1. I'd like the FRET efficiency for His173 and Ile276, computed as 1/(1 + (r/R0)^6) with the beta carbon distance as r and R0 of 45 Å, rounded to 0.05.
2. Kindly sort Leu372, Leu309 by accessible area of their heavy atoms, largest first, with the probe set to 1.4 Å.
3. Between Tyr319 and Thr456, with labels modelled 7 Å along Cα→Cβ, what's the label distance in nm to one decimal, could you check?
4. Using the alpha-carbon centroid of each, what span in Å lies between the range 465-530 and the range 32-83?
5. Between Tyr310 and Arg490, what is 0.36 nm times their sequence separation minus the Cα-Cα distance? Round to one decimal in nm.
6. Starting from 0.36 nm per residue, how many nanometres of slack lie between Ser189 and Glu427 once their C-alpha separation is accounted for?
7. Describe numerically, in nm with one decimal, the distance between label points set 7 Å from Cα along Cα→Cβ at Gln116 and at Ser441.
8. Determine how large the accessible area of Ile381 is when every protein chain is in place; take a 1.4 Å probe and give Å² rounded to the nearest 10.
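The values are calculated or read from the model by the stated rules, or taken from the named source; none is laboratory data. Note that this is a predicted model, so its numbers are computed, not measured. So basically every Cβ, Gly included, is an ideal-geometry build from the backbone, and we count neighbours across all protein chains shown. Ligands, DNA and RNA are stripped out before the accessible areas are found, and what is left, the full protein with its side chains, is counted by its heavy atoms. Shrake-Rupley method; radii C 1.70, N 1.55, O 1.52, S 1.80 Å.
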Amino acid sequence: MVEISVTATSSDPPNTKSEEEADFYPDTMRKTKPGLKRLFLTLTVFISFLIALPFLLKSIEIYRAPLPFDDIDLLSTEMEKNHLMFPCQFQAVFVNFDDDITAVNELALLINSHMQKLTSENTPPCGTCGNNFTVAVTIDSNSSCIHCESGNGNGNGKWQCGVLNGYDKMNDHDENFDDYLESVLDSKSKRVYTVVVVNTKQEDVRVVVGKYRHAWMVGIDSVEKAVEKMAEIFIKVFVNAGKEEGSIRGEFMPIGADGKVVLSFSLLNSDPHDWIYDWDFKELDEILLAPIVDALRPVADISLESQVLYHTPKSSYSYWDDTRGSYIFSTKDLPFFVNSNEWHVDASTAAGGRSKVLHFVLYVPSAKECPLKLQLPNGEISMTNGFISPMWGGIIVWNPPACVENFQVQRLSRQKISSEDLKMISEVFMGQLRQLFGLKSESLYVGGFATSVLLTSEKGFAEWELDVLSRHHTCFNLLQCGTTLGSLSRLVQSLPRMIIMDEIGKQVKYSLEAAKLSFGNVSLGYSDASAVSSRKARALAEDAFYHPSMMSVSYYSFEHCFAVYSPFFLPVSLHVLLAVIREWKRYKVENRKYLAWRVKLE
């Protein structure tokens, strides 16, 4: 056999490979280029996190409608620093002053001076005229007619000279003369407060304030006395409604934050085993309530309700007085008169939201304590046999005719209160309502110079009284509107994560527009229109502040949001970031190794 051997050959020299291996250091060199796959994967994950971050922030974003913060701050500052003053126009008329009459210009300055003196006694409260008034003077005599107007008056409601010539029924019927003056002056549309002084041979001084916007005086032959009394009527009566402190405090007006008032009338039969009385509430509505609702419409939105309750004893004690022949309860017992456990008068169905409820209770005592009369602090018996509780309502104790008759044993069937008694009750309720609104219940004003007779209106409030209520309520509404919107503004800016719905933004916008409209009506002297606008502005501000979405739990702070999401996203994001950094460093190290090997080869 023949043995064949093959010798392997190589193209490289035998010593080349050994030299390359001798120059290669694995710790600092590598022969292949480092791959980008691991770095690409880690960067992809990291970039996906960055892309998802805006979507995450969008998913937890809180919607906030833009609010006019500058306008809100302007309104709040304006109401806090400046008192709201209405422009008022006054007119003084002197009739039959022929002898020794002062010049008309001097009369205007004299009346203005007395009015300034009365105004400067106290700081003019918000909702009055302050010094923002004009005075017009007219001297109507048989021989001449002179007119002068101070300030920036527009001549509105100028007196027509000679309208009282031959009028001899001035002292016969005040109501008729009041209506006659209104037909001449037309104060409802011209809004001028007028005082007419008639120089007569009457010895007794008589001052009457009508139910419109004018008053008249007879029996005054001295111009100086007439001027002083005129200034008093202008400021003390027409502007301040006869209040000595010069203001009806708006916060004590029984009107809800939404501008609504519910008049709740309740007839309480203390013990139906003795007698049961009912009433014709429709008749009471026609006599008393319908004119009131219409008269107070600019100030409040009034709704009515009535009920008859039984088994409603009072919680205070009374004692028998032999001299008066009746049971007596004093003013000290008034805080305990209302029996809140038995008198379910608060079950109002008409009241809703932030409406105010005024209760008017007609209490019919039982036979065991009838007749029941109220004793005043001076020891006298109350003529009305009723009392009021501020911000709650009024109560009348009505003793039925059965009290003076022998009905102790005989049980009576259901009876209805007579129309005569119902009319008297309605008059007392009217006086109580006037007191609750801060006005005087009596028809007299005792001034510094004379006692004035205040004529009563069939709707319960004279025109000048409605002006006073409208002015003060306008001021209070705008002040509360500015305070509420200012609180809302500070709250929203302090909580960046609070939800602000579009409805809230619209309510704030409309509230500011209504407040601006009210300011415009104030500058024009329209007290009723300004009251309506201010009531709307306050109601919208309250609705915005107490919107249900404002009470949501979603307006948590950013720190709370971070604490909720960080336990998941923070560890994951940290690991992804560390992986990217680690892979980037590894790639740079491996790339330097490769470059070192390439340099070695070259």
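1. Working: r = 43 Å, r/R0 = 0.95.
In this case the efficiency is close to 0.60.
2. Listed by decreasing accessible area, they come as Leu309, Leu372.
3. 3.4 nm
4. Between the Cα centres of the range 465-530 and the range 32-83 lies a distance of 33 Å.
5. Between Tyr310 and Arg490, full extension yields an extra 59.7 nm.
6. Taking Ser189 through Glu427 to full extension adds about 82.8 nm, to one decimal.
7. The modelled label-to-label distance comes out at 4.1 nm.
8. 50 Å²
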